[in-house]
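Taking it in order: structure first as C-alpha cells, then the write-up.
The values are calculated or read from the model by the stated rules, or taken from the named source; none is laboratory data. Keep in mind it's a predicted model, so treat the numbers as computed, not measured. All Cβ positions, even for glycine, are placed from backbone atoms using ideal geometry, and neighbour counts span all protein chains on display.
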Amino acid sequence: MRRRKSPKMNIFQLSWFILKQNKQLFVPNLLALTFNLLLFLGFFFISGLSTAIFRNDYELLGEAFFSVKFLVLIVLYFLITFFADNYFLTMKYGLIQNVLLKGKVDLTKGIKFANKYYLTTIGIHILSALIIFIPLILLAALLFLLLPFGNLVAMTLFLPIAIIYFFYISIRLIFIYPIMTFERKGAYASLKEDFHFVKSHLHHTILTWLIVMGIAIFASIIKENLINATEMIYSQIVLIGFLVVGAILIIEISVSVWEHIFIFKSYLVAKKKR
C-alpha cells in the first residue's frame, strides 16, 4: 500500500502532521518512561524506603536515607537513568531520520541506529555540558574570587550574563543532533559542523529556536494551569489527580517528539536552501 503524501504545509504544520501520522515515534519516549518507572520502583524497594514508609517509621526512614547503601543506590540510579535515556533518545533520532527520509517509521532501523550512534549521543551531551558549564564556572570564579566585588554585586552581574550565555549556546547547539543523524558524524565533528551551519543560517536558526521555545512555554503554561486546577479539587476527587498526571505526560511526550521532528525538518529545509 502506498503511503499517503502529506499535503502542502509549512514546517510547523508539517511537523505536527508527521507526528499525527506516525504514532510509532512515541515508542522511545514510552519505553523510557516505562523503564524509569520500573527502575524507580526497584530503587524504592531495594533502598528500604518502602519498608520505612509502609511502617510509618520516621527513625527507620532516616536510617535508610543516610546509609551508605542509599548513597550507592542513588548514584547507580542516576547513572543507569542517564545511559538508558540516552539510548532511547538516540533511537528516537533514528526513527525521525527514517520517517523524514523514507516517509515511514521502522522500529528495527531505529534500534540499529541507536546501537551505532549511542556513544556519539553521549559524547555530544558531554561536550555540550563542558561548553555550557566550564565558561560559567570560570566566570563565577572571576567575579566572586578575583575581582573586588561584594557577593551581591557579583551575583547581580553573574545571573544575567549566565542567562544570556545559556540562551546563546542553546541557539548555537540546536542543530547538532540533526547533523549527527543525517550527516552521520561523530560528537566533535557534529559540534564543529553545527557551529558553522548555525553561523551560515542564523536567521533560520533563530526562527526555529523561537518557535520551539514558544511551544515549550505554551505547554508549560497549560501544565501549570492543570496542576493549579487539580490542587483545588484533588481532595474531593482523587481520580482527577490521575487524569491530570496522564494529561501532563501526554503533553510532555507529544511536545518532546514534535520538537525533535520540527528541528530535524528545519535542518533539512535549511540545508536544501544552501
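Suppose we keep only residues that are surrounded by 16 or more Cβ atoms within 10 Å (Cβ to Cβ) and polar (S, T, N, Q) within region 166-202. Which one would you say is farthest from the chain's Cα centre (by Cα)?
Ser190
Specify which of the listed residues (Ile132, Ile163, Ile96) is of a type in the set (Val, Ile, Thr) and surrounded by fewer than 13 Cβ atoms within 10 Å (Cβ to Cβ).
Of Ile132, Ile163, Ile96, the one residue that is of a type in the set (Val, Ile, Thr) and surrounded by fewer than 13 Cβ atoms within 10 Å (Cβ to Cβ) is Ile163.
I'd like the full set of residues that are part of a helix (DSSP H, G or I) and aliphatic (A, V, I, L, M), limited to region 171-190.
Selection gives Ile171, Ile176, Ile179, Met180, Ala187, Ala189.
When you look at Met180, is it within 30 Å of Leu249 (Cβ to Cβ) and touching a residue at least 60 places away in the same chain (Cβ under 8 Å), yes or no?
yes
Any idea which of Leu239, Leu226 is at pLDDT below 90, more than 19 Å from the chain's Cα centre (by Cα) and surrounded by 15 or more Cβ atoms within 10 Å (Cβ to Cβ)? Working first, answer last.
On the way: Leu239 fails: surrounded by 15 or more Cβ atoms within 10 Å (Cβ to Cβ).
From the options Leu239, Leu226, the qualifying one is Leu226.
Mind telling me which of the residues Phe88, Phe12 ends up being closer than 23 Å to Gly246 by Cα, in contact (Cβ under 8 Å) with a residue 24 or more places away in the chain and aromatic (Phe, Trp, Tyr)?
After applying the criteria, what remains is Phe88.
The rows are residues; the columns are (1) touching a Pro at 6+ places or on another chain (Cβ under 8 Å); (2) surrounded by 16 or more Cβ atoms within 10 Å (Cβ to Cβ); (3) small (Gly, Ala, Ser); (4) closer than 27 Å to Glu183 by Cα.
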position: Ala52; (1), (2), (3), (4): no, yes, yes, no
position: Tyr58; (1), (2), (3), (4): no, no, no, no
position: Val68; (1), (2), (3), (4): no, no, no, no
position: Leu73; (1), (2), (3), (4): no, yes, no, no
position: Leu76; (1), (2), (3), (4): no, no, no, no
position: Lys109; (1), (2), (3), (4): no, yes, no, yes
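Hey, among Phe149, Phe158, which residue is assigned to a helix (DSSP H, G or I), surrounded by 12 or more Cβ atoms within 10 Å (Cβ to Cβ) and out of contact with any Cys (no Cβ under 6 Å at 6 or more places or on another chain)?
Only one candidate passes the filter, namely Phe158.
If you take the residues of region 100-123 that are out of contact with any Leu (no Cβ under 7 Å at 6 or more places or on another chain) and β-branched (Val, Ile, Thr), which of them is nearest to Asn22 (Cα to Cα)?
Looking at residues that are out of contact with any Leu (no Cβ under 7 Å at 6 or more places or on another chain) and β-branched (Val, Ile, Thr), I get Thr108.
So if I check each of Lys8, Lys104, which one is exposed (fewer than 12 other Cβ atoms within 10 Å of the Cβ), on the phi < 0 side of the Ramachandran plot and part of a loop (DSSP other than H, G, I, E, B)?
Answer to the check: Lys8.
Name the pairs: first residue in region 64-85 and in a helix (DSSP H, G or I), second residue β-branched (Val, Ile, Thr) and modelled with pLDDT of 90 or more, Cβ to Cβ under 8 Å, at least 6 apart or on different chains?
If the second residue must be β-branched (Val, Ile, Thr) and modelled with pLDDT of 90 or more, the pairs left are Phe83/Ile122.
Take Gln24 and decide whether it is touching a residue at least 24 places away in the same chain (Cβ under 8 Å), part of a helix (DSSP H, G or I), more than 17 Å from the chain's Cα centre (by Cα) and under 19 Å from Ile253 (Cα atoms).
Yes: the conditions hold for Gln24.
Within region 124-141, which residues are small (Gly, Ala, Ser) and either over 23 Å from Leu268 (Cβ atoms) or outside any helix (DSSP H, G or I) (or both)?
Within region 124-141, Ala129, Ala140, Ala141 meet the criteria.
Listed here are the residues, each with its yes/no results for (1) at pLDDT below 70; (2) out of contact with any Lys or Arg (no Cβ under 6 Å at 6 or more places or on another chain); (3) of a type in the set (Ser, Thr, Tyr).
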| position | (1), (2), (3) |
| --- | --- |
| Ala187 | no, yes, no |
| Ser190 | no, yes, yes |
| Asp194 | no, yes, no |
| Leu210 | no, yes, no |
| Ala216 | no, yes, no |
| Ile233 | yes, yes, no |
